[in-house]
Amino acid sequence: MSSLHSLLRSLCLLFLLLQFTNADRKQPNIILILTDDQDQKLQSLDYMPLLKKYIADQGTTFNKHYCTVSICCPSRVNLLTGRAAHNTNVTDVIPPFGGYPKFIAEGLNENNLPVWLQQAGYNTYYVGKYLNGHTLDNYNKPLAKGFTGSEFLLDPSTYQYYNASMSRNGGIPVNYPGQYSNDLVANKAYDFLDDAIAAGKPFFLGIAPIGPHSEFQFATLEASAPQYPPRHANLFNTITVPRTPNFNPSTPGGTSWISTLPPLTPEALAYGDTFYRARLRSLQSIDEMIESLTLRLNTKKLLENTYIIYTSDNGFHISQHRLPPGKNCGFEEDINIPLLIRGPGVSKGVSTQKVSSHTDIAPTIMSLALGKNGLDGHGFDGKPISLDIKEEGGSDSVNIEYWGRALPEGDFAAQLFYGNNTYKAVRIMGEGYSYYYAVWCTNERELYDMLADPYQLTNLALPIPSPNPVPSPSSTPRTPSPPS
Ligand SMILES: *[C@@H]1O[C@H](CO)[C@@H](O)[C@H](O)[C@H]1NC(C)=O
Ligand SMILES: *[C@@H]1O[C@H](CO)[C@@H](O)[C@H](O)[C@H]1NC(C)=O
Ligand SMILES: *[C@@H]1O[C@H](CO)[C@@H](O)[C@H](O)[C@H]1NC(C)=O
């Protein structure tokens, strides 16, 4: 009798203990804010005081975070799958090599972060731009999977700041002429946050405003500076693109098409500065959103159990290396992108030189949600980013790649179209060394010693002796297409 009694008591204790451990392991909420084409190297983060106050000062800034392919759709698919672009085979913004239809065709709609999070017991929400080529016609053929709630910006008005069209939970798209896209997305994000909180389950909320991407008209294929709301129109009137040593340099640099660029004219430089100010202004609504989200979480006492991850799909250049506004290059401006994280256990108010890439974001989020178990069976090429600044180890290199053409944007780029922009590169860095090495489809190579030459002005690579260029798909240029 007494042994039965003590058995029951032990079972009771065990039960209590399990309950405690479960409570300890309460799955954290995760908010992922993904901006579009936001640079780190042009110092856009310096103009986001609320991002600093609520995320940087309360979390960690990852100074050496990279996209692995400097164009929206392939980069977003890389982020959503944790697999390198050469493994997702989504390598462009439009079919046949990329865009939403290619994502579907590769079976990735069933195999991505939101789907896995849902399987892990999360409610998942997403608002804003998902992938390029996600349109009024194909948004439901099929619907993007993995979302408890979703509201997507759709082409052809994705990059019209005052004419968004969005489909909510797979419904018929609604057009919002006259409403500022970044504010529209922010308001819808607050609604999803309310839904998520009311449901009482752990949640993932992806928020992808288009700022600071260029305004872009599909009808004319014209890109121009991003639009901003009247309340921010008078900000940054005297700010210009930082005049770094690689700003419109007196001798051309790089290789392939970049090495033959003429210097930018004074008009083109002034245009670049105007473009830059417009980008900073278009980021202000996103900065305000960060404050609203954080205060809402705080009011609901959820801030302490929520990770907020802030990043962009790829970087951006304006006038460096004589380039008009754009991305798609392997230069540091295009690949080194913002990453800031706050949340439980994340070191506060610090920045780190630890190396990471978008390939690591899905593994990072899955391990936050499920611990080590979150890493199994997804074919990850990346690994979780250590959120503890004191932890040693990690990788010292990032694999960078690009296929096809470069697409400069804006007035001084209207006539330009660059083929032969296919390259594979490695960015490698650590205590006492820092290099960028690239091999191009034209057989050219680049090597920069980035401790001695951080602005990538002196190519140390010797030309390849072989006279026969390696055949590559890009030697027959594809049709120009929308910037991503
Ligand atoms: C990648 O996609 C292209 C375009 O659809 C296709 O031709 C190619 O065979 C694919 N590569 C692999 C390895 O699946
Ligand atoms: C606004 O978007 C709608 C839906 O995409 C489109 O029909 C309309 O032509 C757009 N308006 C302008 C001014 O581009
Ligand atoms: C690509 O490079 C090859 C080899 O240098 C050259 O012959 C070809 O004209 C280039 N194509 C374009 C579109 O620049």
Protection proxy ranking, peptides 27-38, 382-393, 167-178, average beta carbon neighbours within 10 Å, highest first: 27-38, 382-393, 167-178
Calculate the tail of P(r) for segment 335-406: the fraction of all Cα-Cα distances greater than 16 Å, expressed in %. 56
Degrees, to the nearest 10: 72-81 long Cα axis against longest axis of the chain: 30
Straight-line reach check, Lys201, cutoff 23 Å on alpha carbons, 8 or more apart in-chain or any other chain, hits among lysines -> Lys26, Lys145, Lys188, Lys300, Lys301, Lys372
So what are the radius of gyration and Dmax for the Cα set of segment 111-192, in Å? 12.5, 39
Theoretical gain in end-to-end length, Glu106 to Gln119 [0.36 nm per residue, Cα-Cα removed]: 2.7 nm
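Per-residue ellipticity at 222 nm for the chain, helices alone: DSSP H runs ≥ 4 residues times -39500 (n - 2.57), over residue total, nearest 500 deg cm²/dmol?
-7500 deg cm²/dmol
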Please determine, in degrees from 0 to 90 and to the nearest 10, the orientation of helix 181-199 with respect to the longest principal axis defined by the Cα atoms of the chain, where the helix direction is its Cα long axis. 20
Sorted from largest to smallest, which semi-axis lengths in Å does the alpha carbon gyration tensor of segment 36-154 give for its equivalent ellipsoid, taking the root of 5 times each eigenvalue? 27, 18, 14
Calculated from backbone phi, Karplus (6.51, -1.76, 1.60) coupling profile of segment 172-179 in Hz, x at Gly/Pro: 4, x, 10, 9, 10, x, x, 9
Taking Cα atoms, the helix 2-24 axis meets the longest principal axis of the chain at an angle in degrees (rounded to 10) of 20
A correct Kirkwood calculation over the Cα atoms of the chain returns a hydrodynamic radius in Å of 23.1
Just rank His317, His86, fewest to most, by other beta-carbon atoms within 10 angstrom. His86, His317
I'd like the distance separating the alpha-carbon centroids of segment 439-464 and segment 359-399, in whole Å. 30
Going Cα to Cα from Lys424, which lysines come in below 30 Å? Please leave out same-chain ones fewer than 8 positions away. Lys41, Lys64, Lys102, Lys129, Lys327, Lys354, Lys383
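Values in this text are rule-based calculations from the coordinates and carry no lab data. Predicted model only: the values in this text are computed from it and were never measured. Backbone-built Cβ (ideal geometry, glycine too); neighbour counts: all protein chains shown.
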